[in-house]
Amino acid sequence: MTEVLKTRREREKQARYDAILDAAERAFSEKGYERTSMDDIARTSSLSRALLYVYFKDKAAIQRGIMLRAGQSLSERFRKAKHTADTGLAQIRAMGESYYRFYLDEPDYFSALTKASTAMAEADETQTMEMLCSKSELMELMIEAVELGLEDGTMSRQRIKSPEQTALYLRGALHGVILLCQSEAGESGGSFPAENLIRHTMDMLTSSIAASDEALKSA
């Protein structure tokens, strides 16, 4: 009976935690982070302000909770993309394309992840570890694809000295181009050919790590 009550309390606790983050996401999207107060989040979640502080010490902690959600959402997209391809090079391309779709489909989450590294400096130990684990999971998925590419012959052993550094390079380069697209689209009123640039970037990135044509034919 005690275990049943404990499980129910844990479910109720998780439900309130999720309700707070759901409410914060809506409030931040509608009013912006700076203009949203803890009272706004409490009203939107139909919970008391005092209860909010039981789960989060301040608004910044709530935002970091949203960043964790964003990381989990991107990790799930990467896992699904990875399973759509058989070779390491194709998996990397699929994950790159899923990253761009993530930016298009969940712009608030993309923005949250862009700020995650800075936000970690103010996080408590628990949130810091959760955010580091989320980041590590993303990198591991990419590193596994690079290692597979080296094994199956679709990636160049001459060009890739470290799967870890290669994964960082690929993600950093694509992230930078997506930010450029975001900026240019805003200045051009949405007429900037972002899709074409992303495709070109993916072509350039994959060709920079691909094995030679001869190696690809024999792989």
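One table, with the values for the structure above:
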{"read-out": "Where labels lie 7 Å past Cα in the beta-carbon direction, separation of Thr126 and Lys80 in nm", "value": "3.0 nm"}
{"read-out": "Spin-label model distance (nm) - Ala60 vs Glu151, 7 Å beyond Cα toward Cβ", "value": "4.3 nm"}
{"read-out": "Stretch gain in nm, segment Asp105-Ser117, where the contour uses 0.36 nm per residue and the Cα spacing is subtracted", "value": "2.1 nm"}
{"read-out": "Spin-label model distance (nm) - Ser212 vs Tyr53, 7 Å beyond Cα toward Cβ", "value": "6.8 nm"}
{"read-out": "Per-pair calculated FRET efficiency, R0 = 30 Å: Met139 and Arg8 via Cβ, rounded to 0.05", "value": "0.25"}
{"read-out": "Size of charge dipole - the chain - debye, nearest 20, with Cβ of Lys, Arg +1 and Asp, Glu -1, no other charges", "value": "480 debye"}
{"read-out": "Rounded Å value of the spacing that divides the Cα centres of segment 38-86 and segment 122-147", "value": "16 Å"}
{"read-out": "Kyte-Doolittle at least -1.0, axis length at least 24 Å by Cα - qualifying DSSP helices, the chain", "value": "59-82, 88-105, 125-152, 163-188"}
{"read-out": "Total lysine pairs under 21 Å (Cα atoms) in the chain, excluding pairs fewer than 8 apart on one chain", "value": "10"}
{"read-out": "Estimated 222 nm signal from helices in the chain, with DSSP H stretches of n ≥ 4 weighted -39500 (n - 2.57), rounded to 500", "value": "-26500 deg cm²/dmol"}
{"read-out": "1.4 Å probe accessible area per residue over the chain, in Å²", "value": "56 Å²"}
{"read-out": "Packing-based order for 96-103, 17-24, 42-49, using average beta carbon neighbours within 10 Å, highest first", "value": "96-103, 17-24, 42-49"}
{"read-out": "Top positive-direction residue, dipole computed over segment 111-207 with Cβ charges, set Met202, Gly172, Leu113", "value": "Met202"}
{"read-out": "Residue (of Gly149, Ser212, Tyr100) at the positive-pole extreme of the chain, dipole from beta-carbon charges", "value": "Tyr100"}
{"read-out": "Contour minus Cα-Cα distance for Glu195 and Ser29 (0.36 nm per residue)", "value": "57.3 nm"}
{"read-out": "Nearest-0.05 FRET efficiency for Asp22 and Glu187, computed from C-beta distance (R0 30 Å)", "value": "0.35"}
{"read-out": "For Met155, residues with placed amide H under 5 Å, excluding near neighbours", "value": "Leu150, Ala211"}
{"read-out": "Carbon + sulfur, % of accessible area of the chain - ligands and nucleic acids excluded, 1.4 Å", "value": "52 percent"}
{"read-out": "Rounded to the nearest 20 debye, dipole of segment 84-169 from Cβ charges on Lys, Arg, Asp, Glu", "value": "520 debye"}
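The values are calculated or read from the model by the stated rules, or taken from the named source; none is laboratory data. Note that this is a predicted model, so its numbers are computed, not measured. Using ideal geometry, Cβ is built from the backbone for each residue, glycine included, and neighbour counts are taken over all protein chains shown. When the accessible area is computed, the model is the full protein with side chains, heavy atoms only, and any ligands, DNA or RNA have been set aside. Shrake-Rupley method; radii C 1.70, N 1.55, O 1.52, S 1.80 Å.
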